[in-house]
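The values are calculated or read from the model by the stated rules, or taken from the named source; none is laboratory data. Computed from a predicted structure; not experimentally measured. Here the Cβ is made from the backbone with ideal geometry for all residues, glycine too, and neighbour counts use every protein chain on show.
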């Protein structure tokens, strides 16, 4: 399966922010995201890196 | 499988830019990306939307 999680880079320490993400959409200085189960979150920051083989999307402030 | 492709939104028309992407990393006003097979590309623009269930990453100028 392709379950991908969103993490926040917090001064080099990564914390899990949203599991099983489907949609990730930058909106100005925020990142909107929605999980496979409909959970929605908005994070003030930007995308640091996406690694699809590692199933990870890392955001930063 | 989780093969994801990168598309460019070109005035509402999407064109395929890179197949089987692994890494996508914003670097200033550019997006660096690398495919599963090591192909590397850099696009001047930003991320419009990621949809993991649709296996699509859309960039815009």
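Out of everything in segment B:14-26 that is without any contact (Cβ under 8 Å) to a residue 12 or more places away in the chain and more than 10 Å from chain A (Cβ to nearest Cβ), what residue ends up being surrounded by the fewest Cβ atoms within 10 Å (Cβ to Cβ)?
Filtering segment B:14-26 for residues that are without any contact (Cβ under 8 Å) to a residue 12 or more places away in the chain and more than 10 Å from chain A (Cβ to nearest Cβ), the one surrounded by the fewest Cβ atoms within 10 Å (Cβ to Cβ) comes out as B:15.
May I ask you to list the residues in segment B:41-56 that are in contact with a strand residue (DSSP E or B) (Cβ under 6 Å, 6 or more places away or on another chain) and either assigned to a loop (DSSP other than H, G, I, E, B) or closer than 12 Å to residue A:51 by Cα (or both)?
Matches in segment B:41-56: B:45, B:52, B:53.
Would you confirm, using the coordinates I've provided, whether residue B:45 is more than 11 Å from the chain's Cα centre (by Cα), modelled with pLDDT of 95 or more and more than 9 Å from chain A (Cβ to nearest Cβ)?
So residue B:45 does not fit the description; no.
So which strands (runs of 3 or more DSSP E) are wholly in segment A:1-40 and hold at least 2 residues that are farther than 11 Å from residue A:58 by Cα?
Counting at least 2 such residues, we get A:21-27, A:30-35.
Every residue, every condition in (1) in contact (Cβ under 8 Å) with a residue 24 or more places away in the chain; (2) crowded, with 18+ Cβ neighbours inside 10 Å, yes or no:
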| residue | (1), (2) |
| --- | --- |
| B:4 | yes, yes |
| B:7 | yes, yes |
| B:31 | yes, yes |
| B:38 | no, no |
| B:42 | no, no |
| B:48 | yes, no |
| B:51 | no, no |
| B:54 | no, no |
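With the checklist (1) surrounded by fewer than 17 Cβ atoms within 10 Å (Cβ to Cβ); (2) within 14 Å of chain A (Cβ to nearest Cβ) in hand, flag the one item residue B:11 doesn't pass.
Only one criterion in (1) surrounded by fewer than 17 Cβ atoms within 10 Å (Cβ to Cβ); (2) within 14 Å of chain A (Cβ to nearest Cβ) is unmet by residue B:11, namely (2).
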